[in-house]
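The values are calculated or read from the model by the stated rules, or taken from the named source; none is laboratory data. Keep in mind that what you see is a predicted model, and the values were worked out from it rather than measured. Cβ coordinates were reconstructed from backbone atoms using ideal geometry, including for glycine residues, and neighbour counts include every protein chain displayed. With ligands, DNA and RNA removed, areas are computed over all heavy atoms of the protein, side chains included. Shrake-Rupley method; radii C 1.70, N 1.55, O 1.52, S 1.80 Å.
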Amino acid sequence: MSDFSEELIRSKTEDDQEESCVLSGTGMYFPWLQKHIDTVETGGKKEKDFAQTTSACLNRIQEALLKHQWPQAAGYMHSYFQILEDSDSHKRQAAPEIIWKLGSEILFYHPKSNMETFNTFADRMKNMGVMNYLKISLQHALYLLHHGMLEDANRNLSRAETWRYGEKSSSQEVLINLIQAYKGLLQYYTWSKKKMELSNLDEDDYAYNTASQTMLNHSWKTSVNLGALIQTPGVWDPFVKSYVEMLEFYGDQDGAREVLTNYAYDEKFPSNPNAHVYLYNFLKREKAPREKLISVLKILYQIVPSHKLMLEFHRLLRKSEKKDHHKLGLEVLFGVLDFAGCTKNITAWKYLAKYLRQTLMGNHLPWVQEEWNSRKTWWPSFHFSSFWAKSDWKEDKALACEKALVAGILLGKGCRYFRYICKQDHQVLRKKIRRIRKSVKKHSIVNPGL
């Protein structure tokens, strides 16, 4: 236990200690342990006292982490190591993972920590319980990657990849696949660098053939390492993107399409908006028919109606010859603007202003009413208050004009937002504001024909 304590940075020097402090079981001084620690120190431990001490210590660590008080958290960790001696076997088995998560977080941010300290701590924690080895190895590799130590990370993953311990290995198959996949990502990184080099070489150059062969070797290794993982249900975005990029590079369009289709539509996989985004972008590159693109984005719309691709979805629907697509196009625009993060999106407001007029001119007033009926109780304060009129006019006059047109159509010429914008005397926008008044008079759903 003392070995692990040495890997954490002491938070106080001897001069900082006060005589009123109490010595904990690991040699650290903490005044707050006074009411918990007496029995532990004297050797007459009681399970209740022990549990209270470790629980209080864990709470202090968590509090210090939340406040980013890394030296204090390191100090508390010294005392928390006694959890490894807990008489409760369940707590004892869970302790190594908790210590690793807390300790690694502290060492990652501690001002006096360094690479050697972290590596030593990680290596010791890997061998503390069979079930922790793979998890810690993977997280250790990610730490090394964060610091740009790609070769060290690859060696770490290679050691973990060959790890076996009787029957325990089968229960951690997903972890082994994940470790292999991260090795694949490292190989993809090398492949990607070679691809950049290749683009700068002449095809007749000897160096081109050498680089091309190196790329092919790395792509084969990457495919092997990524293949098993992306067939396992889960969210594997970076691995799928890397794999598909290589498949496309070597002309395997069918293989890339199959991977992306399975990733998006296989019911065994969790719902994942990015899976549909990747498939859509791939189909766009393939110049797939509009109907196919619409079918992919329709599912994305159901998952994330505020996604940035929804405006593109609207454009596709608008160009369609189907009336139900035109109706959905209106629904999509309203759906985008339901979200606070989209309230300043001038493109969305432009599209809605234009599409409202087109829809009403096409005698589809019920479509507009259907969308507006579910929003008329909250959109006025959410989008069209006096506050927003003043704020929008000050920050973005073009946005304010588009919103004023929409507000006038939906709420009539009595709307505060519309009235405020129309009262502004702006030399450049005077004609535009006049056109807004005319459009509202002609198309307002509150009192058409005024």
Problem set entry | Tabulated pairs, region 327-348, first under 14 Å from residue 407 (Cα atoms) and β-branched (Val, Ile, Thr), second open to solvent by less than 10 Å² (accessible area, probe 1.4 Å) and assigned to a loop (DSSP other than H, G, I, E, B), C-beta under 8 angstrom, 6+ apart or interchain | 343/337
Problem set entry | The lone exception for residue 380 - which of (1) of a type outside the set (Gly, Ala, Ser); (2) part of a helix (DSSP H, G or I); (3) farther than 17 Å from residue 405 by Cβ; (4) open to solvent by 20 Å² or more (accessible area, probe 1.4 Å) it fails | (3)
Seminar exercise, completed: The condition from (1) open to solvent by 60 Å² or more (accessible area, probe 1.4 Å); (2) modelled with pLDDT of 80 or more that residue 209 misses is numbered (2)
Exercise. Name the pairs whose Cβ atoms lie under 7 Å apart, with the first residue in region 46-73 and within 15 Å of residue 88 (Cβ to Cβ), the second open to solvent by 20 Å² or more (accessible area, probe 1.4 Å) and at pLDDT below 85, and 6 or more positions between them or separate chains?
Worked result: 46/39; 47/87; 49/36; 49/39; 52/36; 53/36
Exercise. Is there any pair with a first residue in region 244-267 that is farther than 15 Å from residue 286 by Cα and modelled with pLDDT under 95 and a second that is part of a helix (DSSP H, G or I) and hydroxyl-bearing (Ser, Thr, Tyr) whose Cβ atoms are under 6 Å apart and which are 6 or more apart or on different chains, and what are they?
Worked result: 246/219
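Out of all the residues in region 82-116, which are farther than 30 Å from residue 148 by Cβ, of a type outside the set (D, E, K, R) and surrounded by 14 or more Cβ atoms within 10 Å (Cβ to Cβ)?
The initial filter retains those residues of region 82-116 that are farther than 30 Å from residue 148 by Cβ, namely 82-95.
Retained after the next criterion (residues that are of a type outside the set (D, E, K, R)): 82-84, 87, 89-90, 93-95.
Matches in region 82-116: 82, 83, 84, 94, 95.
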Exercise. Do any residues in region 409-431 that are touching a residue at least 40 places away in the same chain (Cβ under 8 Å) and within 16 Å of residue 384 (Cβ to Cβ) have Cβ atoms under 9 Å from those of residues that are hydroxyl-bearing (Ser, Thr, Tyr) and outside any loop (DSSP other than H, G, I, E, B), where the two are at least six apart or on different chains, and which pairs are they?
Worked result: 409/439
Exercise. Which ranges mark the helices (runs of 4 or more DSSP H) fully within region 239-320 that have 3 or more residues being of a type outside the set (D, E, K, R) and under 20 Å from residue 342 (Cα atoms)?
Worked result: 273-285, 290-303, 310-319
For this session: Determine if region 318-331 includes at least one residue that is touching a helix residue (DSSP H, G or I) at 6+ places or on another chain (Cβ under 8 Å) and within 30 Å of residue 430 (Cα to Cα).
Result: yes
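Scan region 157-168 and give yes if some residue there is more than 23 Å from the chain's Cα centre (by Cα), in a helix (DSSP H, G or I), over 28 Å from residue 81 (Cα atoms) and at pLDDT below 90, otherwise no. Outline the logic, then answer.
The first filter runs over region 157-168 and keeps only residues more than 23 Å from the chain's Cα centre (by Cα), leaving 157-168.
Checking which are in a helix (DSSP H, G or I) leaves us with 157-161, 168.
The next check asks that each one be over 28 Å from residue 81 (Cα atoms); those that pass are 158, 161.
Next cut, at pLDDT below 90 only: 161.
Checked against the condition, which is being more than 23 Å from the chain's Cα centre (by Cα), in a helix (DSSP H, G or I), over 28 Å from residue 81 (Cα atoms) and at pLDDT below 90, region 157-168 yields at least one hit.
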Exercise. Somewhere in region 385-403, is a residue surrounded by 16 or more Cβ atoms within 10 Å (Cβ to Cβ), without any contact (Cβ under 8 Å) to a residue 40 or more places away in the chain and under 30 Å from residue 276 (Cα atoms)?
Worked result: no
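Residue by residue, here is whether (1) open to solvent by less than 40 Å² (accessible area, probe 1.4 Å); (2) out of contact with any Pro (no Cβ under 9 Å at 6 or more places or on another chain); (3) farther than 23 Å from residue 232 by Cβ holds:
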site	(1), (2), (3)
270	no, no, no
273	yes, yes, no
276	yes, yes, no
285	no, yes, yes
290	no, yes, yes
301	yes, yes, yes
309	yes, yes, yes
327	no, yes, yes
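Closer than 30 Å to residue 231 by Cβ and in contact with a Lys or Arg (Cβ under 9 Å, 6 or more places away or on another chain) - does that describe any residue in region 354-367?
Of all residues in region 354-367, those closer than 30 Å to residue 231 by Cβ come to none.
Scanning region 354-367 turns up no residue that is closer than 30 Å to residue 231 by Cβ and in contact with a Lys or Arg (Cβ under 9 Å, 6 or more places away or on another chain).
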Problem set entry | residue 418 vs. criteria surrounded by 14 or more Cβ atoms within 10 Å (Cβ to Cβ) and closer than 19 Å to residue 345 by Cα | yes
For this session: Would you mind telling me which numbered condition in (1) more than 19 Å from residue 354 (Cβ to Cβ); (2) modelled with pLDDT under 95 residue 442 fails?
Result: (1)
